[in-house]
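The values are calculated or read from the model by the stated rules, or taken from the named source; none is laboratory data. Everything numeric in this text was worked out from a predicted model, so none of it was measured. For neighbour counting, all protein chains shown are included, and Cβ atoms are generated from backbone atoms with ideal geometry for every residue, glycine included. Only protein heavy atoms, including side chains, enter the accessible area calculation; ligands, DNA and RNA are left aside. Shrake-Rupley method; radii C 1.70, N 1.55, O 1.52, S 1.80 Å.
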Amino acid sequence: NTIFNDDGSIVCNWVLFNHTTNKIIQDLKIKTNYCVPIYINENNIVFQDMNTLTSYNTENGTVSWEFSDESLDSHILGIFDNQIILPTTTNSVLILNAHTGLKEKEWKEIPGINIDSQIEGIIPEPSSFVLDKENKKLIGAIGTDYMEIELDSNKIKHIDLSEELHKNNIFSIKHITDNPFTETHFFLTAMMEQDIEDKKWSYDCLFALN
């Protein structure tokens with residue numbers, strides 16, 4: 001039966017379920033508000049509820065750890081090598097150890113970047129990254145800038161694309177969310193302008209970075 005909180009939200013009772021036999025293998029004895037797990041292994045399952053992450057022991061349902069930060073964004077950038085990668089609303093990217101909940105790394109500064117003379121030297125939009133697991137890095141773009149964060153070495157790369165974008169009548173890269181990429185291309189959406197019959201028109205466009 002569906003259980004509701006006093007505010008009408010759904011309470012989830014987490015179990016391991018065999019889809020072949022349609023039987024419950026194990027009741028994890030974990031009850032949460034309605035949310036999707038962001039990490040799971042044989043010992044723990046981690047949920048994010050707004051700006052709080054909670055890890056539960058899958059054997060007895062007890063809380064293994066909890067991490068709360070008012071600046072956390074409401075989603076993660078990905079999981080890499082048992083690390084949870086989190087954007088914040090205060091221009092930084094955090095890495096938490098998925099087993100302990102301890103903060104292991106934080107990136108904030110990007111030397112040389114300048115967005116409209118308002119954001120200088122820091123990550124302009126931490127959620128504008130996607131995780132490239134194979135090459136062990138975060139790749140991102142915003143405005144007229146391309147960014148990389150190497151997860152192993154902590155090196156940060158920044159390239160001003162203004163000149164190249166303007167050659168193609170593109171004036172601003174749009175906010176990215178799970179944008180696709182290959183070994184050779186990073187696909188982005190942007191705003192572009194064209195002059196047609198003495199009028200300036202603006203369009204959304206799709207393009208790829210090498």
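With θ set to phi - 60° and the Karplus curve 6.51 cos²θ - 1.76 cosθ + 1.60, what are the ³J(HN,Hα) couplings of the range 187-192 in order, to the nearest whole Hz, using x for Gly and Pro?
8, 9, 9, 7, 9, 10
Given (i) 66, 38, 31; (ii) 55, 48, 30; (iii) 66, 39, 35, which label gives Cα extents along the principal axes in Å as computed from the coordinates?
(iii)
What list of ³J(HN,Hα) couplings, whole Hz, do you get for the range 121-135 from phi and the Karplus terms 6.51, -1.76, 1.60, once you set θ to phi - 60° and write x for glycine and proline?
Result, rounded to whole Hz: x, 10, 5, x, 8, x, 7, 8, 10, 10, 8, 9, 5, 4, 9.
Please report the carbon-and-sulfur percent of the accessible area for the range 68-210; probe 1.4 Å, protein heavy atoms only, DNA, RNA and ligands left out.
45 percent
Mind checking the dipole of the chain: about its Cα centre, +1 per Lys or Arg Cβ, -1 per Asp or Glu Cβ, Debye to the nearest 20?
For the chain, the charge dipole is close to 620 debye.
Which whole-number percent gives the relative contact order of the range 123-210, counting Cα pairs below 8 Å spaced six or more residues apart?
20 percent
Using θ = phi - 60° and the Karplus form 6.51 cos²θ - 1.76 cosθ + 1.60, what ³J(HN,Hα) does each residue of the range 42-59 get, whole Hz, x for Gly and Pro?
Residue by residue, the range 42-59 yields 5, 10, 9, 9, 10, 10, 10, 10, 6, 9, 10, 10, 10, 10, 10, 6, 6, 7 Hz.
Collect residues whose amide H, placed 1.01 Å from N in the peptide plane, falls under 5 Å from the amide H of Ile176; neighbours closer than 5 in sequence don't count.
It is none; the list stays empty.
Express in whole angstrom the spacing between the alpha-carbon centres of the range 82-156 and the range 54-76.
Computed from Cα coordinates, the inter-centre distance equals 21 Å.
What number, in percent, do you get for the relative contact order of the range 9-107 if the mean sequence gap of Cα pairs under 8 Å and at least 6 apart is divided by its residue count?
It comes to 16 percent, rounded to a whole number.
Can you give the calculated 222 nm mean residue ellipticity of the chain, where each DSSP H run of n ≥ 4 adds -39,500 (n - 2.57) and the sum is split over every residue, rounded to the nearest 500 deg cm²/dmol?
Dividing the helical sum by the residues of the chain leaves -500 deg cm²/dmol.
Roll a 1.4 Å probe over the protein chains and send me the accessible area per residue for the chain in Å².
It amounts to 60 Å² per residue over the chain.
Against the empirical 2.2 N^0.38 Å scaling, what ratio does the C-alpha Rg of the range 43-122 come to?
For the range 43-122, the normalised Cα radius of gyration comes out at 1.27.
Is there a pair in Lys31/Lys108; Lys137/Lys200; Lys23/Lys136; Lys29/Lys103 whose C-alpha atoms are over 29 Å apart, and which pairs would that be?
The answer is Lys31/Lys108; Lys137/Lys200; Lys23/Lys136.
Given a cut-off of under 8 Å on Cα pairs at least six residues apart, what relative contact order in percent is computed for the chain?
Value for the chain: 9 percent.
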